[in-house]
Structure formats: C-alpha cells, structure tokens
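The values are calculated or read from the model by the stated rules, or taken from the named source; none is laboratory data. The model shown is predicted, which means the values in this text are computed figures rather than measured ones. No Cβ is skipped: glycine too gets one built from the backbone with ideal geometry, and neighbour counts run over all protein chains shown. SASA here: full protein model, heavy atoms, side chains in, ligands and nucleic acids out. Shrake-Rupley method; radii C 1.70, N 1.55, O 1.52, S 1.80 Å.
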Amino acid sequence: MQEAGHVNLISRTKMFIIGIAGGTGSGKTTVVKKIMEELPEGKVSLIPQDSYYKKAEPGVPLEELRKKNFDHPDAFDWDLLFKHIKDLKEGKAIEQPVYSYLVCDRLTETVHVVPTQVIIIEGLMALYRKELRDLMDLRIYVDADPDDRLLRVIERDVVERGRTARMVMSRYEKVLKPMHREFIEPTKQFADVIVPQGGENHRAIHLLRSSIEKMIREKEGVIE
C-alpha cells in the first residue's frame, strides 16, 4: 500500500528526467555522486546505463566475454532501458538489472526502483539514442582531457575489473579511443550543458545540484 501511494503521488506531477553522458573515465559517475549526495533522500533515482549491457550468450568462455567491446552501441539492451524509463515516467516501479564486469554478464539479482520526482540516467551513451533523449528534460555531457580519462580508466580497471595496466592501455588505444571518437564524443552536440574537467569542476556541480533542487521544490508546490 505504501508503494502504491508513492506511485500515485509521482504520477500526478511531471517527472524530471536527466541524462548525463561522457567518455570512459570522464568523471561522470563522480559528478552524479556529488550531485546526489546533497539532494533529498527519496527524491532522486539513478539509472546507470552500465546495468543495461546485454546478457552474455550461454556457454561463451569468460576469456572471450572479456574481449567484449563495452564502448559500442550494440553492447547495450536499448529496448529494456527505454522500456524501464517509460515505465518510471508512467509511475510504475521497475526491476533494474545488475551487471558484473568480473563475469561479464548480468547477475540473477535485480534492484527494485520506484518512480521519483527526478530520474538520472548516467552512462557512456546516455545521449546516443534519440528516443531516449526525447524523454529527457535536461541533457548533460561531462567532458575531460584524454590523458586524465586514461589515468582514471587505468586506476578503475586495475582495481575493480581485474585488468593489468598494460591490458588497460592496449584496450584504450585499440577500443576506447576510437569508440569515443565515433560514438560518444559526437553526442556532445545534443547536450544542454557541458561540464568540463569532470568531477573536479566543483562550481559546475554546485550549479547543477542547485538547479535540480529548484526543480524538486517547484514540483512539490504543484502537488495538492
């Protein structure tokens, strides 16, 4: 009963959907984290695009799965992501997938996400598909120097994904850099706001956070 009441409340007002995109290691996850740290609990939900990588084909060895190009549009389950955002917009809860880079596949568990007044979609290609962009009220692109991105990728992939520095640098040159130029950087043209210097741009993050807080207050004033 409590969840149903929550859904009804959200469905009576306009939900704000925000897309935050940027290249691997740009700092977009840090930007999202810093924004959400100061926002009221229960008002904002995060939908990481990383959760929507496609399921692995049965029987494929892990060594082969690790060669997957995670920076290509075909790596994502766009239909499921689009359906889940539409469901949230219509006031319906979703079961968000959980993806593990260690096994290069979705896990069996899911994350229950209920509609909130602000939904943030964060990921490499959050601004790539027009049908997804059309659902967004605010589109943000997090930019960063290529050298800074490479350093962050090395640190992250060695610690979190079990790769060596040599493996990461090779993958960066052969996959990440060309995919960034072809598919990710061009989505900058669709952004309403570009945040340079990634998570280090404290002033931009503060302005974004203040704007979202204002959105929440305005929508709370609409609810009877």
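Here Glu95 does not qualify as surrounded by fewer than 15 Cβ atoms within 10 Å (Cβ to Cβ) and either within 27 Å of Arg181 (Cβ to Cβ) or touching a Cys at 6+ places or on another chain (Cβ under 6 Å) (or both). The selection criterion, being surrounded by fewer than 15 Cβ atoms within 10 Å (Cβ to Cβ) and under 22 Å from Leu132 (Cα atoms), holds for Lys55. Only one of the numbered conditions (1) assigned to a helix (DSSP H, G or I); (2) open to solvent by less than 30 Å² (accessible area, probe 1.4 Å); (3) modelled with pLDDT of 90 or more is not met by Glu185, and that is (2).
Here is a yes/no grid of residues against (1) closer than 23 Å to Phe16 by Cα; (2) at pLDDT 85 or above; (3) part of a helix (DSSP H, G or I):
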| site | (1), (2), (3) |
| --- | --- |
| Leu135 | yes, yes, no |
| Ala144 | no, no, no |
| Arg163 | no, no, no |
| Met169 | no, no, yes |
| Tyr172 | no, no, yes |
| Arg181 | no, yes, yes |
| Gly199 | yes, no, yes |
| Glu213 | yes, no, yes |
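On the stretch given as segment 71-98, residues that are in a strand (DSSP E or B) and modelled with pLDDT under 95 total 0. Within segment 31-70, being in contact with a strand residue (DSSP E or B) (Cβ under 8 Å, 6 or more places away or on another chain), of a type in the set (A, V, I, L, M, F, W, C) and assigned to a loop (DSSP other than H, G, I, E, B) holds for Leu39, Ala56, Phe70. Among residues belonging to segment 73-92 that are touching a residue at least 60 places away in the same chain (Cβ under 8 Å) and under 15 Å from the mean Cα position of the chain (by Cα), point out the one that is surrounded by the fewest Cβ atoms within 10 Å (Cβ to Cβ). Looking at residues that are touching a residue at least 60 places away in the same chain (Cβ under 8 Å) and under 15 Å from the mean Cα position of the chain (by Cα), I get Pro73. If you go through segment 102-131 and keep only what is over 20 Å from Pro40 (Cβ atoms), touching a residue at least 60 places away in the same chain (Cβ under 8 Å) and buried (at least 18 other Cβ atoms within 10 Å of the Cβ), you end up with Gly123, Leu124, Met125, Ala126, Leu127, Tyr128.
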